[in-house]
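Notes for the one structure printed next.
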Amino acid sequence: MAMGPRGMSRGYLTEEEKANRPKVTLPLLKRIFSYLAPYWKQMILVLTFIVLSSIMGLLPSVLTGRIIDEGLINRDMRMLIILIVVSLGVTLGANLIRVGESYLNNWIAQHITYDMRNKMYRHLQQMSQKFFTTNNQGDIITRMTSDISGVERVVTSTFTSILSNSITLIVAVIIMFRENWILATVGVLVIPLFTIPTRWAGKTRWELTQDAQECNDEINGILNETLSVSGQLLVKLFGKEDYEYDRYKNVNYRMISLNLKESMAGRWFMVIINTFSSVGPMLLYLVGGILMMKYNSDLTVGDITVLVALLGKMYGPVNSLLNIQVEWIRSMALFTRIFEYYDMPVEIKNSENPVTPAHVEGNVAFKNVEFSYDNERKILKDINFELKSGQSIALVGPSGSGKSTIANLIPRLYDVCGGTITLDGADIRSLDLAWLRDQVGIVSQETYMFNGTIKENLLYAKPDATDEELMAACKKANIDDFILKQEKGLDTMVGNRGLKLSGGEKQRLSIARVLLKDPAILIFDEATASLDSISEKKIQDAINPIIESRTSILIAHRLSTILAADEILVIRDGVIAERGVHADLVKAGGTYTELYETQFYRPEEENA
Ligand code: ATP
């Protein structure tokens, strides 16, 4: 009986699963089928294999009857050998077919999940920044990995198990009735006798496991709370040692009683199954004996053996089919969850007829731009400014005022909620998205590096760049000295997310990366985190000449960066509160003056 603890835990629905039972509709089934459809030829072959192997799997049981009657009882040696050979041959054949079936089955499942995974990945790539900031990263990865792997299980086991078990059952019942209808009826009636207790025992054990799990979580909770650095301190300072000890002792005791119950339930489970599985055959022998001895039926010893053997072959399929409903609900829930992701609309996409301009000047204009992340709180209100090709603008303002948001709107990481942003006079939403993003380079506060070498990270921006080009960009970004000092030079590993580099090195490397991309518009989101003055100066020396020759937006926190810009926009609470050049703004005595006095002003910079 294939019902280990794993089988059991999968045999019942949790409360959560019961509450979220998916609605099975025709469109859902059609949609699932559309993923299977491309493999219909293989599926037909699998189906044939399943039918063949199920029938052939039962044949040896039928042959046993003839071995007994025609071979042994008739004392016919030749017949006995033939039947034994045929029986062994059929068993071998059935098993060989199962090998083919399992290969094909896995092949189909792997191909379906391959298609689904690729589709999911492609879809997720197109999702907006908003999707990634609002959804839990763990959830996204779970959809990609375990949910789609679940589909694999559905195809290899759920669908096949429904089919092969049903066929085995039907064929077994037909053969039984052809052998002897009275015994067959007894056999069929006896089935609930072993399925009901099995299910009952399984359920009890499953519930105990769930309780034990809960108890275990509670224990972990207590340990985490009271044995952590700050937790134990709290316990000590409030003198709660005895209280916590009692709490721990109580759950701990509950745990051992649950464990004891669970292992005993396992024992009882075996007793019940063993008893009831032998009741069936005994009943068949008894009724068969009565028919043979009292009613002179032409039933033979072989016939009774066949019926007993067939009954034995029915336990497994009946139990699996009883679990099928649970498997089915889970599978449908799985597909529903995956489809929910597929159906999430792509928010930022190309317009119907996207324009790809032949060349770009780099004039950016914001006209009455409004923006909100959640359609409730307005982050930007009526933003108007123009950035002429070759010029640079510094955005300054208190933290959270909306500076990075302005920058994110230009490559369409988000779309405006009102107003327009134009590039060389054209609404950016009418431009080809890939082209637009090609024109914009962002050096963000949090620089991201893939785990690889410096060279690989740089080539991400320009795959065909030569080492000379890479080093030239690094020189401009003021990171060449660092690279030359490394033993492996450009082939130095940056570590996971670039963790082997300092903040300043990472920033300069990402400046080099953007320079390789050579965008028409450069956005530099200056890190607020304090770097030491040497690192800062290196970045400044890198960025200042670049700004001079390029259309750029600088989100600035340091005076030297601000001074390098042609115009300063002071953002406060999502509006442009002040604008102008440094000297005028300082004199005006508004937000800028405040920021200058609290943040930007550093005597050493002023003197320099
Ligand atoms: P800082 O100087 O600290 O980087 P900032 O001026 O660049 O700040 P933004 O990052 O543009 O500020 O954020 C403006 C406002 O929008 C903040 O109140 C922030 O909480 C909110 N915000 C930023 N990103 C998101 C997001 N993805 N979803 C929802 N709200 C966001």
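The values are calculated or read from the model by the stated rules, or taken from the named source; none is laboratory data. All figures in this text were calculated on a predicted structure; none of them were measured in a lab. Glycine also receives a Cβ, built like all others from the backbone with ideal geometry; neighbour counts cover every protein chain displayed. These area figures cover heavy atoms from the full protein model, side chains too; ligands, DNA and RNA do not enter into them. Shrake-Rupley method; radii C 1.70, N 1.55, O 1.52, S 1.80 Å.
Quick notes
- Unique residue being of a type outside the set (A, V, I, L, M, F, W, C) and either modelled with pLDDT under 90 or exposed (fewer than 15 other Cβ atoms within 10 Å of the Cβ) (or both) when the list is Asp374, Asp415: Asp374
- The single condition from (1) hydrophobic (A, V, I, L, M, F, W, C); (2) within 16 Å of the ligand (Cβ to nearest atom); (3) within 16 Å of Arg513 (Cβ to Cβ) that Leu490 fails is (2).
- Those residues of the range 568-583 which are buried (at least 16 other Cβ atoms within 10 Å of the Cβ), away from the ligand (no atom under 12 Å from the Cβ) and under 11 Å from Ala394 (Cβ atoms), in sequence order: Ile568, Arg579, His582
- Of the numbered criteria (1) crowded, with 17+ Cβ neighbours inside 10 Å; (2) within 16 Å of the ligand (Cβ to nearest atom); (3) under 32 Å from the mean Cα position of the chain (by Cα), the one Leu395 fails is (3).
- Within the range 362-371, tally of residues that are modelled with pLDDT of 90 or more and either of a type outside the set (A, V, I, L, M) or open to solvent by 80 Å² or more (accessible area, probe 1.4 Å) (or both): 6
- Selection status of Asp382, within 24 Å of Gln129 (Cβ to Cβ), open to solvent by 10 Å² or more (accessible area, probe 1.4 Å) and touching a Gly at 6+ places or on another chain (Cβ under 9 Å): yes
- Tally of residues being more than 16 Å from the ligand (Cβ to nearest atom) and outside any strand (DSSP E or B) across the range 343-386: 18
- Scanning the range 237-293 for residues that are of a type in the set (D, E, K, R), within 30 Å of Leu223 (Cβ to Cβ) and either open to solvent by 100 Å² or more (accessible area, probe 1.4 Å) or at pLDDT 90 or above (or both) yields Lys240, Glu241, Asp242, Glu244, Asp246, Arg247, Lys249, Arg254, Lys261.
- Of all residues in the range 323-336, those satisfying the criterion of being surrounded by fewer than 16 Cβ atoms within 10 Å (Cβ to Cβ) and of a type outside the set (A, V, I, L, M) are Gln325, Trp328.
- Residues that are among the aliphatic types (A, V, I, L, M) and more than 10 Å from Thr447 (Cα to Cα) were ranked within the range 487-514; the one that is surrounded by the fewest Cβ atoms within 10 Å (Cβ to Cβ) is Leu499.
- Note on the range 163-174: residues that are open to solvent by 40 Å² or more (accessible area, probe 1.4 Å) and touching a residue at least 12 places away in the same chain (Cβ under 8 Å) total 2.
- Those helices (runs of 4 or more DSSP H) of the range 92-162 in which at least 1 residues are of a type outside the set (Lys, Arg), open to solvent by less than 20 Å² (accessible area, probe 1.4 Å) and away from the ligand (no atom under 16 Å from the Cβ), considering only elements entirely within it, cover 148-153.
One line per residue, one yes/no per condition, for (1) closer than 30 Å to Val494 by Cβ; (2) modelled with pLDDT of 90 or more; (3) within 16 Å of the ligand (Cβ to nearest atom); (4) acidic (Asp, Glu):
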{"site": "Ser399", "(1), (2), (3), (4)": "yes, no, yes, no"}
{"site": "Ala407", "(1), (2), (3), (4)": "yes, yes, yes, no"}
{"site": "Thr420", "(1), (2), (3), (4)": "no, yes, no, no"}
{"site": "Leu423", "(1), (2), (3), (4)": "no, yes, no, no"}
{"site": "Asp432", "(1), (2), (3), (4)": "no, yes, no, yes"}
{"site": "Asn451", "(1), (2), (3), (4)": "yes, no, no, no"}
{"site": "Lys455", "(1), (2), (3), (4)": "yes, no, no, no"}
{"site": "Tyr460", "(1), (2), (3), (4)": "yes, no, no, no"}
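- Meets criteria (touching a residue at least 60 places away in the same chain (Cβ under 8 Å), among the small types (Gly, Ala, Ser) and either part of a helix (DSSP H, G or I) or buried (at least 16 other Cβ atoms within 10 Å of the Cβ) (or both)) for Ser320: yes
- Residues in the range 541-561 that are open to solvent by less than 20 Å² (accessible area, probe 1.4 Å) and either within 13 Å of the ligand (Cβ to nearest atom) or at pLDDT below 85 (or both): Ala542, Ile543, Ile546, Ile547, Ile553, Leu554, Ile555, Ala556, Arg558, Leu559, Thr561.
- Residue match in the range 563-582 (condition: without any contact (Cβ under 8 Å) to a residue 60 or more places away in the chain, touching a Ser or Thr at 6+ places or on another chain (Cβ under 8 Å) and not basic (Lys, Arg)): yes
- Among the residues of the range 345-359, those that are at pLDDT below 90 and open to solvent by less than 50 Å² (accessible area, probe 1.4 Å) comprise Val346, Ile348, Ser351.
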